[in-house]
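Notes for the one structure printed next.
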Amino acid sequence: MGGAERRRVVAGVSGSLSSLAALHVAADEARRTGAELLAVLAWEPPGGELAHRRSVFPSPMADLRHDAGERLLAALRTAFGDTGPGVPFQGVVARGAAGRALVETADRADDFLVIGAGCRGRVRRALFPSVARYCVAHAACPVLAVPPSPLESELASVHRRVSLRLPLDARELTDGRS
């Protein structure tokens with residue numbers, strides 16, 4: 001490569017359906033542009049850094065980091081199987097809040113950051129800050145927020161009905177589809 005660094009496509013990975021869709025889009029972009037794919041999973045101690053420091057029996061950081069690495073590998077296997085994404089890639093496990101970790105990883109102007117926009121209801125928006133909004137506001141590179149699949153909201157609806165033990169007719173899932 002001679003001194004020039006390869007362009008990077010950075011993808012946020014959490015294992016959610018939205019992040020897996022973003023990972024596929026990022027791999028396609030890396031393939032199209034000859035870039036390297038960085039799959040980034042951010043992690044924090046349970047309850048956050050402050051709670052971890054104040055804990056009487058804190059979990060060992062090495063174990064928490066290992067668990068995050070296992071989640072990243074599981075997400076990559078789910079997305080691409082055993083063959084991988086088909087482009088040069090690295091898995092990155094970053095300690096910290098997801099938005100900040102992604103922005104700090106995608107720190108070059110020629111990087112391209114891909115994140116899942118996710119399904120966010122009113123309650124979720126109130127309790128958890130939007131990683132996509134943080135990245136769009138703070139990134140030094142272009143950001144692509146991949147919208148959720150329409151099937152994701154239908155799956156969530158089915159999941160709610162099942163968890164509430166409401167009747168579910170399988171014909172409802174296929175009505176209007178070819």
Inset, instruction - Hey, can you grab everything whose amide H is under 5 Å from the amide H of residue 36? Only 5+ residues off in sequence or another chain; H modelled, so Pro and N-termini drop out. - result: 7, 8, 9
Legend entry - Rounded if a/c under 1.5, otherwise prolate or oblate - the stretch 66-112, Cα gyration tensor axes: oblate
Legend entry - Nitroxide proxy distance, nm - points 7 Å out along Cα→Cβ at residue 160 and residue 140: 4.2 nm
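Only the coordinates and a few stated rules stand behind these numbers; no lab work does. All values reported here derive from a predicted model rather than from experimental measurement. Note: ideal-geometry Cβ built from the backbone for every residue, glycine included; neighbour counts use all protein chains shown.
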